[in-house]
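Here is the structure we will look at, set down as structure tokens.
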Amino acid sequence: MKYVYVLTSTEKDLYYEQALMSVWTLRYHMKQADIIVLVDNKTFDSFQNPKRSELAKLAQIITVDFEDSVSNVERSRLIKTAIPDYVKGDFLYIDCDTVIADDLSSIENIQGEVGGVLDGHSLLDQHVHKNYFIERDKKLGFHGTLAEGFNFNGGLVFCRDTETGRQLFKNWNEVWKYSAYEKHDLHDQSALNEANYRIGLKMVQLPGEWNCQLSHGGLEFLKEAKIIHYYSSEFNGKSYIPYYKIADKKLQQRIKESGKIPEDVIEMLKEPKFQFNHVHLINDSRLVSIMQSPLLFTLADIKEKLPAIFNLMEGSMKTIRSIGKKIKGNK
């Protein structure tokens with residue numbers, strides 16, 4: 001079994017540093033693992049910088065060439081959806097914004113030719129992004145989400161070197177190109193699920209510990225987690241507070257500045273299931289149900305940028321709620 005990453009990175013981002021931490025943790029748990037990192041030519045050229053040389057000591061680097069006009073996002077998607085073109089044999093694809101928490105060799109025992117973990121560890125009817133998934137598929141003319149009744153998360157894909165495995169990726173690559181260049185939608189997850197639909201829904205569901213999505217229902221799988229997926233893209237906004245210490249941009253910046261993983265971070269990576277910052281838990285199901293609502297984010301923006309208006313709105317709501325409680329109490 002090969003363990004495959006895809007990295008497109010410049011010296012201005014932190015994707016290299018995320019990949020370095022993930023590959024380091026995989027090598028820590030599996031000394032003899034066959035680890036491959038697929039990179040584009042520009043990313044490979046950046047490895048000439050001594051501060052970007054550690055990754056090549058831990059994994060085999062395979063380079064894919066592109067014209068200069070191809071963006072980094074396109075390069076990443078084009079490589080990811082065509083992995084069997086560059087890697088022969090069974091493989092497990094792993095996103096870079098992950099931490100390996102255990103030996104992964106038991107993946108060999110998975111029954112099935114292709115597989116993945118449910119996005120958000122949730123079926124479609126309970127998924128917070130249900131309407132978003134359905135509307136996106138509708139816009140793209142896809143059928144995968146409704147046919148499956150869920151979405152596979154694109155952060156981990158299990159693939160055996162069989163005709164079914166090759167067909168999944170062939171379709172994924174073709175569907176993504178249509179999505180990107182005809183519909184201007186660069187997401188790869190919708191294309192993955194459509195590709196699975198087109199090969200007859202042959203992807204099997206892997207247990208949640210294989211892609212423990214911390215902020216998306218993954219805490220119940222943390223105890224047995226083999227791969228922790230912390231979604232680095234969630235922390236791009238200035239208002240986001242990392243709940244997971246390893247996702248902290250300041251920590252990753254330290255790796256960038258030194259070119260190596262500092263000793264204190266190494267100790268954290270050895271115990272990845274315990275690296276949480278203080279978090280505020282919400283225990284009200286009504287609030288959980290609207291956590292991704294545009295209305296909630298709009299209120300947050302108003303509070304930040306127009307506090308006087310927010311205070312006026314809040315005061316009005318308090319009055320209305322007070323009146324409502326009195327009316328209810330008099331019944």
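State whether one or more residues within the range 191-199 are aromatic (Phe, Trp, Tyr) and farther than 14 Å from Val114 by Cβ. Give the derivation first.
Taking the range 191-199 first, the residues aromatic (Phe, Trp, Tyr) are 197.
With farther than 14 Å from Val114 by Cβ added as a condition, the list becomes none.
No, the range 191-199 contains no residue that is aromatic (Phe, Trp, Tyr) and farther than 14 Å from Val114 by Cβ.
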Within the range 79-97, can one find any residue that is open to solvent by 20 Å² or more (accessible area, probe 1.4 Å), of a type in the set (A, V, I, L, M), closer than 23 Å to Leu168 by Cβ and out of contact with any Asp or Glu (no Cβ under 7 Å at 6 or more places or on another chain)?
no
In the range 111-166, which residues are open to solvent by 10 Å² or more (accessible area, probe 1.4 Å), of a type in the set (S, T, N, Q) and part of a helix (DSSP H, G or I)?
Gln126, Asn131, Thr164
Taking the range 234-265 as the search range and keeping residues that are hydroxyl-bearing (Ser, Thr, Tyr) and under 17 Å from Gly218 (Cα atoms), which one is modelled with the lowest pLDDT?
Tyr243
Under 9 Å between Cβ atoms, at least 6 apart or on separate chains: pull out the pairs that start in the range 257-269 with a residue that is within 14 Å of Ala19 (Cα to Cα) and end on any residue that is open to solvent by less than 30 Å² (accessible area, probe 1.4 Å) and assigned to a loop (DSSP other than H, G, I, E, B).
Leu269/Ile261; Leu269/Gln275
β-branched (Val, Ile, Thr), open to solvent by less than 60 Å² (accessible area, probe 1.4 Å) and over 18 Å from Ser215 (Cβ atoms), is that true of Val73?
no
Please state which of the following conditions Phe66 fails to meet, knowing it meets all the rest: (1) more than 23 Å from the chain's Cα centre (by Cα); (2) assigned to a helix (DSSP H, G or I).
(2)
Test result for Leu299, modelled with pLDDT under 90, under 30 Å from Leu219 (Cα atoms), part of a helix (DSSP H, G or I) and hydrophobic (A, V, I, L, M, F, W, C)
yes
Given (1) without any contact (Cβ under 8 Å) to a residue 12 or more places away in the chain; (2) on the phi > 0 side of the Ramachandran plot; (3) hydrophobic (A, V, I, L, M, F, W, C), where does Leu219 come up short, assuming only one miss?
(2)
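The values are calculated or read from the model by the stated rules, or taken from the named source; none is laboratory data. None of the values given here were measured: they were computed from a predicted structure. Ideal geometry is used to build each Cβ from the backbone, glycine not excepted, and the neighbour counts take in all protein chains shown. Areas reflect the complete protein model, heavy atoms only, side chains present, ligands, DNA and RNA absent. Shrake-Rupley method; radii C 1.70, N 1.55, O 1.52, S 1.80 Å.
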